[in-house]
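Single-structure report; data block below.
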Amino acid sequence: MKKGELIIALSMGVLGIWIVIDSYNMGLQTISNPGPGFFPLVLGVLLCLLVLLICIRSARYTKKVSTVKKTSVEYPTNFIKPGLIIACLLGYFFFLDTLGFPISTFFFLFILFWIGYPRKWLFISIFSVILVALAYLVFGYLLQTPFPFGFLGN
Amino acid sequence: MDIWSNIAIGFKQVLELNNLFYCFAGVLVGTLIGVLPGIGPVATISLLLPMTMRISPLASIIMLAGVYYGAMYGGSTTSILVNIPGEAASVVTSIDGYQMARKGRAGPALGISAFGSFIGGTFSIVILMLLVMPLSKIAILFGPLEYLAIIITGMVMVIYLSTKSFLKGLIMGVFGLILGCVGTDIISGKFRFTYGLLYLSEGIDIVPMVMGLFGISEVLTNISEIQEKRTFFATRVKNLLPNLQDWKRSILPISRGSILGFFLGLIPGGGTILSSFISYSVEKKVSKNPEEFGKGAIEGVAGPETANNAAVGGAFVPLFALGIPSNIVMAILMSSFIIHGVAPSPGFIAKNPGLFWGIICSMYIGNIMLLILNLPLISIWIKILEIPYKILFPLILLFCVIGAYSINYRAFDILVMTLFGLAGYLLRRFDYELTPLVMAFVLGPMFETSLRQTIIISNRNISFIFTRPIALVCFSFTFVFIFFSLLSRFRKLKEKIIE
């Protein structure tokens, strides 16, 4: 089993245990008249069982593979770009209300274009400004979306 | 009211300028994303969901449905010309379509795929129209047990057909059901898993969730993969109209593809991908010259392209008649209906005749629009293919953040979308399919309500199931289905051990 797969399976297992505890506290009532915790409890137990099953199966499979021949597991090499994108999105969420739509969107686009064209900063600056203006025109002006302006005010 | 009066109502609705515009926008965007590899109809429909909140339910469904069947048309262009399927349902088209292009017959390949798509699409709408009315009349008689049985059968088939690992698919299904529990309990009115957050009191918002799971995660997946340089085999396409010989060879595959595609579209988890693959294998099997397949046989383009468009119409039947989506696109479309307060159910057509017939008639108009759009605009689609992904992805992400923000005008939805995007990316990376998750999330509340009502009605008497034939058939089918799939896996495992 790949390391990532194991982490996901274990996270699901932890979630399952959490759901079981939480739904038990919600109230199960009776079998003939189930309460709000009944259905999530069943799901939590089911999730734990499935995770257990997948771990057992994977452990068996890994044993078999390792006895036959040792193979090198290839992990994805490029996690930097997805990581940068996630950071950009989180940054956009944090700064949208403070910096306002025009400034935060400009920086958001600038960094994203910079990922693809790291040396063409002038081109991507101009392109980002045009896109911010276009986006505001379509969504803010025509579709009347009330974007925040942060410290710039309205 | 007879069927003709209903059709007249539908056309009256759809021929309003506003609705025509959304129909055109839908099929245009659909074709565009079908052409562009790296963004599929599921991601696009998810991204467009927030935009549709401000327009009428009819216009929004017309547009989103247009994206779906439009993508089926557009997907064939890249398969034939570049050997890169624009979306999964066009994978098989590339086998013979690309070979035809190499032989200088890209025009007839594109032409027959457009005509086949049109015929398959139109055929499926006619059958949908005829089938959905009587089926919804029967469905009114369904009780909670029948719904429970249909949902379980549907979910099992979706997990089995759309995932590589049944176990991982089940985990995703259960995870989706858990996410569906967040919010206010429908029966008792108590808050569940909200942890004092007001945002969660009405449950997790489906729009930022699907935008993250499909839109953001797709961008993250594409950006982390090395982009291959595309080589075009044909930049100028001539003679788009197939000749008489092409038509003679294609007419039967188109007819078979229409029927096969429609019925496979009905099956939960079946959809467009399965129908195109099965159509290809059927054509190869019935062909007098099976050795030509893979070397540029026009039947290998006509059959699958017809079938994947016919499957779209088929997929609408369970949604309209029972209120149960049969695939992921239908699940997202269902959430769009719910957003507008017109959730599909057995009584949906009776309550909303204008809406239902408007959607049906829009598909006729949309298919004609696609036929007109596809053939003359092929050179433009080829040009669009040359846009590098590093320019496209910031635009997609900009669209995502604006879309997420405009749902409730709050930045918190961007955070929700981002978190689901990250989760979706990691889950896909390790072969945990997202389809069962979203299907279970959408069907979760209906599933839970039906389960709890069934338990109360049954009064601890399990033999009650045997008095309900529909539920009994569904449960038996599911049991037999699981039994045989486990048996075949066990046999394969045994063969491996012996080897």
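Just so it is clear, none of the values below were taken in a lab; they were calculated from the coordinates. Remember, predicted model here, so these are calculated numbers, not experimental data. Neighbour counts are summed over all protein chains in view; Cβ atoms, including those assigned to glycine, are modelled from backbone coordinates with ideal geometry.
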* With just the Cα atoms of region A:81-121, tell me how far they stretch along each of the three principal axes, in Å, largest first. => 29, 20, 7
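What translational D, rounded to a whole number of µm²/s, comes out for chain B from Stokes-Einstein when the hydrodynamic radius is the Kirkwood one over Cα pairs, at 25 °C and 0.890 mPa s? Mind showing how you got there, number by number?
On the way: Rh = 23.3 Å.
Here the translational diffusion coefficient equals 105 µm²/s.
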* Where the only charges are on Cβ atoms (+1 Lys, Arg; -1 Asp, Glu), what is the dipole of the protein assembly as shown about its Cα centre, to the nearest 20 debye? -> 1680
* To do: Output the Kirkwood hydrodynamic radius of region B:1-128, Cα pairs only, in Å rounded to one decimal.
  => 15.6
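Please give the FRET efficiency for B:T194 paired with B:R460, using the beta carbon to beta carbon distance and R0 = 35 Å, rounded to the nearest 0.05.
Details: r = 32 Å, r/R0 = 0.90.
For R0 = 35 Å, the calculated efficiency reads 0.65.
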* Structure fact -> Relative to chain A, whose Cα atoms define the longest principal axis, helix A:3-26 and its Cα axis are tilted in degrees, nearest 10, by 80
* Rel. contact order, % - alpha carbon contacts under 8 angstrom, at least six apart, chain A -> 18
* To do: Check cross-link reach from B:K248 to the aspartates and glutamates: straight Cα distance under 19 Å, and skip same-chain residues fewer than eight apart.
  => B:D96, B:E283, B:E291, B:E292, B:E299, B:E305
* To do: Give the value in nm², to one decimal: projected area of the alpha carbon convex hull of the protein assembly as shown, averaged over all directions.
  => 31.5
* Asked: Can you pull the semi-axes for region B:79-154, root of five times each eigenvalue of the Cα gyration tensor, sorted largest first, whole Å?
  -> 40, 17, 6
* What are the extents of the Cα atoms of region B:382-473 along their three principal axes, listed from largest to smallest and rounded to whole Å? -> 61, 35, 26
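Remind me, what semi-axes does region B:110-182 give for its equivalent ellipsoid, largest first in whole Å, using sqrt of 5 times each Cα gyration tensor eigenvalue?
Values: eigenvalues 196, 106, 19 Å².
The answer is 31, 23, 10 Å, longest axis first.
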* **Cα-Cα over 18 Å, subset of B:K137/B:K351; A:K3/B:K494; A:K120/B:K390; B:K164/B:K284; A:K2/A:K81; A:K81/B:K164** => A:K3/B:K494; B:K164/B:K284; A:K2/A:K81; A:K81/B:K164
* What does a probe at B:I3 reach in region B:300-321, counting residues whose amide N is under 18 Å from the point 7 Å along Cα→Cβ? -> B:313-318, B:320-321
* Karplus-derived 3J(HN,Hα), 6.51/-1.76/1.60, for each residue of region A:93-98, Hz, glycine and proline x -> 4, 5, 9, 4, 6, 7
* Structure fact -> Expressed in angstrom and ordered largest first, the alpha-carbon extents of region B:423-488 along the principal axes are 45, 33, 18
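To the nearest 20 debye, what is the magnitude of the charge dipole of chain B about its Cα centre, counting +1 on the Cβ of each Lys and Arg and -1 on the Cβ of each Asp and Glu?
Numbers: 35 positive and 24 negative charges, 145 e Å.
That gives a dipole near 700 debye.
For region B:298-350, what is the convex hull (Cα atoms) projected area averaged across all directions, in square nanometres?
Working: hull surface 16.1 nm².
Result: a mean projected hull area of 4.0 nm².
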* **Cα centroid separation, region B:280-346 to region B:347-397 (Å)** => 16
